[in-house]
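Down below is the structure, laid out as structure tokens.
The values are calculated or read from the model by the stated rules, or taken from the named source; none is laboratory data. As the structure is a computational prediction, the values presented were derived from the model and not from experiment. Counting neighbours? That spans all protein chains shown, and the Cβs are built from the backbone with ideal geometry, glycine included.
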Amino acid sequence: MIRLGLVLLFGFIAPAFAQQAETSLANLQAEIGRMAQSAGGSVGVAVRHIQTGRRLQINGDGRFPMASTVKISIAVQLLTLVDEGKLSLDKIITVRSSDMRQGSGTLVKTFDSSRPDYSVRSLLELMLIDSDNSATDMLFTEAGGSGAVMARLQALGVQGISADRPIGRVLDDARRGRDGLATGFFRDPRDTATPAALLELVLKIWRREALSPERTELLLDIMYRCATGRGRLPGLLPPGTKVARKTGTLGVGVTNDVGIITLPGDAGHVAIAVMIRESVNNLPTQERAIAEIARAVYDYFAANP
């Protein structure tokens, strides 16, 4: 009788607990929705707690310009070639002045034609840590271009990412957008992604489904050292919180960050993608919105592991 009573008791408790958890997650989603309004544009959010699979989305299937978050896709294809023995990280690439691209990164500022040789590994770190656009376009070519990157995403079963142009071309088109053609730029489906798709890609990396364990550790180590957009996902997290991530920025109201946050104690990890498009607010305000969303997600899953 006691055993039967316990079974009946837990039979009533489990549905009640599940309903309470669902309500709590819905409250978090509503809170994020309110925070997103401060970004001053259209915001897409995708979140998944890796250990339990709990998830939420706000406009998670909407299309947003990727900006430099596309560099994760390029890195996956490049490292796939390394896994297949078709490319060495020690391969030397001679950089020329014609390879320089404007925007983020250090090469365009520090390039010395008397020391033009860089390894693939060095360019990979520049692409992901400093978001170097010059390094990106060289590695985009080395990875096989759009066709190869898209084929790799398709092989991984990642739908909703479109990597079409070198980053220099994307910057040129965005620049024309600043000159009055922004509406046309935001109608262009090229080089866009959904937050849900970017989230799925970083999850496949984390689960060692995209690359070998060795190459996965290399990629995550580099992403943990991301130096751009410090005011975004990690901006309001407790000091020392580990975040493997990649940012994306265009000067037409596009501000993104996608990554995996390590929660305290045994709470696990949470994957998160936040994308903003057509914002009328300045960059610090957009970054603050991303940081507030990340902190709300962190607090919720840290308290409800």
Taking Ser104 as the residue in question, decide whether it is among the small types (Gly, Ala, Ser), surrounded by 15 or more Cβ atoms within 10 Å (Cβ to Cβ) and part of a helix (DSSP H, G or I).
no
What is the number of the single condition among (1) within 25 Å of Thr249 (Cα to Cα); (2) touching a residue at least 12 places away in the same chain (Cβ under 8 Å); (3) over 24 Å from the mean Cα position of the chain (by Cα) that Thr110 does not meet?
(2)
Note on region 43-78: residues touching a helix residue (DSSP H, G or I) at 6+ places or on another chain (Cβ under 8 Å), farther than 30 Å from Asn304 by Cβ and not in a strand (DSSP E or B) are Met66, Ala67, Ser68, Val70, Lys71, Ser73, Ile74, Ala75, Val76, Gln77, Leu78
With the condition kept exactly as written, say whether any residue in region 290-304 is more than 19 Å from Val45 (Cβ to Cβ) and not in a helix (DSSP H, G or I).
no
Residue match in region 128-144 (condition: more than 22 Å from Leu250 (Cβ to Cβ), within 20 Å of the chain's Cα centre (by Cα) and charged (D, E, K, R)):
no
Could you run through region 102-149 and say how many residues are over 20 Å from Arg225 (Cα atoms), of a type in the set (A, V, I, L, M, F, W, C) and either at pLDDT 95 or above or out of contact with any helix residue (DSSP H, G or I) (no Cβ under 9 Å at 6 or more places or on another chain) (or both)?
5
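Here is a yes/no grid of residues against (1) closer than 22 Å to Ile276 by Cβ; (2) charged (D, E, K, R):
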| residue | (1), (2) |
| --- | --- |
| Glu125 | no, yes |
| Glu142 | no, yes |
| Val149 | no, no |
| Arg165 | yes, yes |
| Arg175 | yes, yes |
| Phe186 | yes, no |
| Arg190 | yes, yes |
| Pro195 | yes, no |
| Leu198 | yes, no |
Restrict the check to region 29-41 and report whether at least one residue is surrounded by fewer than 23 Cβ atoms within 10 Å (Cβ to Cβ), modelled with pLDDT of 95 or more and closer than 25 Å to Asp173 by Cα.
yes
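Residue-wise test of (1) surrounded by fewer than 23 Cβ atoms within 10 Å (Cβ to Cβ); (2) more than 27 Å from Ser162 (Cβ to Cβ); (3) out of contact with any Asp or Glu (no Cβ under 8 Å at 6 or more places or on another chain).
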| site | (1), (2), (3) |
| --- | --- |
| Ile205 | no, no, yes |
| Gly231 | yes, yes, no |
| Lys246 | no, no, no |
| Gly259 | no, no, yes |
| Gly265 | yes, yes, yes |
| Ile276 | no, no, yes |
| Ala289 | no, no, yes |
| Glu292 | yes, yes, yes |
| Pro305 | yes, yes, no |
Within region 63-91, work out how many residues are touching a Ser or Thr at 6+ places or on another chain (Cβ under 6 Å) and surrounded by fewer than 23 Cβ atoms within 10 Å (Cβ to Cβ).
3
Can you run down the residue pairs with Cβ atoms below 7 Å, 6 or more apart or on separate chains, where the first is in region 280-305 and within 13 Å of Glu31 (Cβ to Cβ) and in contact (Cβ under 8 Å) with a residue 24 or more places away in the chain and the partner is surrounded by fewer than 17 Cβ atoms within 10 Å (Cβ to Cβ) and of a type in the set (Ser, Thr, Tyr)?
Ala289/Ser38
Among the residues of region 227-240, are any free of Cβ contacts under 8 Å to residues at least 12 places away in the same chain and not basic (Lys, Arg)?
yes
For Ala67, which of the numbered conditions (1) at negative phi; (2) at pLDDT 95 or above fails to hold?
(1)
For region 232-262, what are the residues that are touching a Pro at 6+ places or on another chain (Cβ under 7 Å) and part of a loop (DSSP other than H, G, I, E, B)?
Thr241
